[in-house]
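J.: Here's a structure for you.
The values are calculated or read from the model by the stated rules, or taken from the named source; none is laboratory data. Being a predicted model, the structure only gives us computed values, none of them experimental. Positions of Cβ are generated from backbone atoms using ideal geometry, with glycine treated the same way; all protein chains shown enter the neighbour counts. When the accessible area is computed, the model is the full protein with side chains, heavy atoms only, and any ligands, DNA or RNA have been set aside. Shrake-Rupley method; radii C 1.70, N 1.55, O 1.52, S 1.80 Å.
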Amino acid sequence: QPPLVESGGGLVQAGDSLRLSCARSGQMFGWIVMGWFRQAPGQEREFVAAMSVAAGLSESYADSVKGRFTISRDILKNTVYLQMNSLKPEDTAIYYCAAGGTMSPSISAYSAWGQGTQVTVSS
């Protein structure tokens, strides 16, 4: 079983909301940061949001999603969420969950990745 499994993607209209989930399985020693990235067709994978489970649960967001997306977690369910509101067509991408040890927008800071979930926003 992969260490991270995303779910919750789908096809929505502009202005709608979606909540993505990332279920963590097994031991994840040292993975104190959970992040969300996305990759649109023909584009590089980009940072969306991250949460550090240490240091007072600090959060970080890409400028393009600030005020619209929220990252959160459920300790008992060992799950991290990405609540996406006011979705725009430019949010269309495959969304990936990632785990790492450093709060960073850099892909290289994350050592575990999920398989991705497709989000499509129609205009």
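J.: Within the stretch 80-90, is there a residue that is among the acidic types (D, E), open to solvent by less than 20 Å² (accessible area, probe 1.4 Å) and farther than 17 Å from C22 by Cα?
T.: Checked against the condition, which is being among the acidic types (D, E), open to solvent by less than 20 Å² (accessible area, probe 1.4 Å) and farther than 17 Å from C22 by Cα, the stretch 80-90 yields no hits at all.
J.: Next question. Run down A62, A40, A54 and say which single residue is surrounded by fewer than 12 Cβ atoms within 10 Å (Cβ to Cβ) and farther than 20 Å from S25 by Cβ.
T.: Going through A62, A40, A54 in turn, the sole match is A54.
J.: Now, a different point. Considering only the stretch 5-123, give the strands (runs of 3 or more DSSP E) lying wholly within it that have at least 2 residues that are hydroxyl-bearing (S, T, Y) and without any contact (Cβ under 8 Å) to a residue 24 or more places away in the chain.
T.: In the stretch 5-123, the matching strands (runs of 3 or more DSSP E) lie at 69-74.
J.: So A98 clears everything in (1) open to solvent by less than 70 Å² (accessible area, probe 1.4 Å); (2) among the aliphatic types (A, V, I, L, M); (3) more than 10 Å from G35 (Cβ to Cβ) except one condition, right? Which one?
T.: (3)
J.: Does R73 count as over 22 Å from S123 (Cβ atoms), open to solvent by 60 Å² or more (accessible area, probe 1.4 Å) and of a type outside the set (S, T, N, Q)?
T.: yes
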